Amino acid sequence: MIISKKALPRRTFLRGVGATLALPLLDAMIPAATVLAKTPAKPVRRLGFVFMPMGCDITRWTPHEEKLDQLSPILSSLAPVKEHVTVVTNLELQNAYPGSHATSNSAFLSAAKAKLTESTDYYLGTTVDQIAAQHIGQATQLPSLELAMDLMQVVGQCDNGYACVYQNNLSWSSPTTPLPAEAHPRIVFESLFGEGGSIADRRAALRKKASLLDSFNEDIARLQRKLGPGDRARVSRYLDSVREVERRIQRAESDTVDNPLPDLDRPVGVPAAYADHARLMFDLQVLALQGDVTRVITFQLARETSNRTYPEIGVPDPHHPLSHHGNDPEKIARMAKINQFHVSLFAQFLQKLKATREGDGTLLDHSLYLYGSGIGNPNVHDHSNLPVLVAGGAATGMKGGRHIKYARPTPLANLHLTLLDKVGVHLDSFADSQGKVDDLFEPLSV
């Protein structure tokens with residue numbers, strides 16, 4: 001038997017009119033008779049962050065036991081993936097004090113103290129995602145991807161003397177450079193699959209076709225003839241996912257005609273229901289990770305002080321006033337319902353990552369996601385005992401299915417430092433970190 005060492009390059013693209021399509025990791029990208037872990041086709045590690053605004057009811061969030069055999073009410077939807085999840089209790093953000101919504105958002109990924117200013121002389125710190133992007137994002141089409149659910153067009157002062165930039169931007173590439181997040185699925189889709197030129201040029205080229213994939217028909221057919229049965233099925237499933245996401249974007253845009261007065265926080269042309277919009281943004285993340293378009297993602301589920309209502313789950317009250325519940329049990333219960341709803345959408349995303357095979361594991365195995373908030377008790381703008389969990393990361397040695405409760409308040413920056421280390425970014429410190437939290441992980445056998 002002759003064994004060929006030739007393989008498709010890991011970063012293989014199909015190119016169409018105004019578009020480019022990266023492929024998922026295929027068996028054909030792994031040189032024959034080699035060990036996967038020793039080849040350039042080894043699955044990469046990704047790092048993601050999902051921000052939950054305005055804290056939560058910590059009593060309904062915190063598990064009662066060290067094992068996640070029985071999940072708390074807010075986390076109950078994580079049951080199908082609980083073996084991939086670790087809840088971390090008693091983390092804090094000291095640099096977010098004096099407590100505010102602006103500093104909750106700004107300190108979540110920076111662990112830095114925001115300069116008190118209402119003007120453009122704002123100053124924060126480089127966020128953990130951007131440190132990761134500097135090291136593991138340079139080999140990809142997009143070093144990082146910043147996503148949100150709300151329009152972020154407010155300028156000036158938003159919260160107790162803090163400029164709006166602090167609560168509108170999770171990611172900062174330097175202490176003076178916030179990175180705006182994108183909430184429109186169409187624009188995100190085109191950033192993942194568009195090729196060259198201005199946004200207007202890419203959009204014009206893509207819209208010449210009924211579907212992005214129509215641009216690749218000949219290349220797809222040619223590629224499929226070269227692949228084995230397993231790879232053909234894998235490519236077909238990936239292309240089906242791309243087409244389905246595009247179809248949902250197109251449907252949302254056509255529905256805009258029937259909904260001339262959308263939610264003021266919601267961009268025109270996105271799904272009318274919050275859940276549909278959020279699922280679409282999560283699905284775009286799956287495609288971005290699967291095609292290795294980016295390895296670093298941040299996603300803001302709603303901005304701090306959001307007055308969004310959630311009638312689809314029976315909560316007509318604006319979120320922000322509910323978070324200042326004054327210890328009213330009924331208000332706390334409705335706020336917790338929003339918290340549970342947000343977690344359920346993240347849980348669905350994790351299940352999709354788990355169902356997506358990649359190399360010797362899944363996308364979830366090769367990704368680490370931190371989910372949480374920069375506020376603990378929103379009623380008093382407290383930045384201690386934060387609701388935080390970490391998901392995925394089996395390929396990094398992460399031990400899931402657990403609840404870790406620290407005996408004393410521990411900087412969130414310690415966790416950030418550890419996550420950086422597990423994706424290959426080795427630093428001695430980050431912001432106000434005092435060490436790593438290595439009890440989240442176990443050594444990997446070589």
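The values are calculated or read from the model by the stated rules, or taken from the named source; none is laboratory data. Fair warning: this is a prediction, and the values are worked out from it, not measured in the lab. Because the Cβ atoms are built from the backbone with ideal geometry, glycine has one as well, and the counts that use them run over all protein chains shown. For the accessible areas, the whole protein counts, side chains as well, though only heavy atoms, and no ligand, DNA or RNA atoms are used. Shrake-Rupley method; radii C 1.70, N 1.55, O 1.52, S 1.80 Å.
Please go through region 113-139 and give me each residue that is more than 21 Å from the chain's Cα centre (by Cα) and open to solvent by 60 Å² or more (accessible area, probe 1.4 Å), ordered by number. Result: 113, 115, 116, 118, 119, 120, 121, 123. In region 46-61, the condition of being at pLDDT 95 or above, open to solvent by less than 20 Å² (accessible area, probe 1.4 Å) and hydroxyl-bearing (Ser, Thr, Tyr) is met by no residue.
Residues of region 412-431 that are open to solvent by less than 20 Å² (accessible area, probe 1.4 Å) and assigned to a loop (DSSP other than H, G, I, E, B): 423, 425, 430.
Scanning region 100-125 for residues that are touching a helix residue (DSSP H, G or I) at 6+ places or on another chain (Cβ under 7 Å) and not in a helix (DSSP H, G or I) turns up 111, 112, 113, 114, 122, 124, 125. The selection criterion, being at positive phi and not basic (Lys, Arg), holds for residue 55. On the phi < 0 side of the Ramachandran plot, free of Cβ contacts under 8 Å to residues at least 24 places away in the same chain and open to solvent by less than 10 Å² (accessible area, probe 1.4 Å): which single residue out of 100, 72, 110 fits that description? None of the other options fit; the residue is 72. Within region 379-392, identify whether any single residue is under 20 Å from residue 294 (Cα atoms), touching a residue at least 12 places away in the same chain (Cβ under 8 Å) and either among the small types (Gly, Ala, Ser) or open to solvent by 10 Å² or more (accessible area, probe 1.4 Å) (or both), and answer yes or no. Yes - at least one qualifying residue is present in region 379-392. Report yes if some residue within region 83-90 is in a strand (DSSP E or B), under 20 Å from the mean Cα position of the chain (by Cα) and among the polar types (S, T, N, Q); otherwise report no. Yes, some residue in region 83-90 is in a strand (DSSP E or B), under 20 Å from the mean Cα position of the chain (by Cα) and among the polar types (S, T, N, Q).
Conditions tested, residue by residue: (1) farther than 23 Å from residue 61 by Cβ; (2) in contact (Cβ under 8 Å) with a residue 12 or more places away in the chain; (3) part of a helix (DSSP H, G or I); (4) in contact with a Phe, Trp or Tyr (Cβ under 6 Å, 6 or more places away or on another chain).
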{"position": "336", "(1), (2), (3), (4)": "no, yes, yes, no"}
{"position": "346", "(1), (2), (3), (4)": "no, yes, yes, yes"}
{"position": "351", "(1), (2), (3), (4)": "no, yes, yes, no"}
{"position": "371", "(1), (2), (3), (4)": "no, yes, no, yes"}
{"position": "410", "(1), (2), (3), (4)": "no, yes, no, no"}
{"position": "443", "(1), (2), (3), (4)": "yes, yes, no, no"}
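In this entry, residue 303 is excluded by the filter for residues that are of a type outside the set (Gly, Ala, Ser), outside any loop (DSSP other than H, G, I, E, B) and either open to solvent by 10 Å² or more (accessible area, probe 1.4 Å) or touching a Cys at 6+ places or on another chain (Cβ under 9 Å) (or both).
If you filter region 306-334 down to residues that are assigned to a loop (DSSP other than H, G, I, E, B), of a type in the set (S, T, N, Q) and out of contact with any Asp or Glu (no Cβ under 7 Å at 6 or more places or on another chain), you find that the one that is least open to solvent (accessible area, probe 1.4 Å) is 307. If I go through region 373-399 residue by residue, how many of them are assigned to a helix (DSSP H, G or I) and within 15 Å of residue 416 (Cα to Cα)? So the answer is 1.
Scan region 107-135 for residues that are at pLDDT 95 or above and β-branched (Val, Ile, Thr) and the total you get is 4. Of the helices (runs of 4 or more DSSP H) that lie entirely inside region 165-249, those containing 1 or more residues that are at pLDDT 80 or above and out of contact with any His (no Cβ under 8 Å at 6 or more places or on another chain) span 165-168, 185-193, 217-226.
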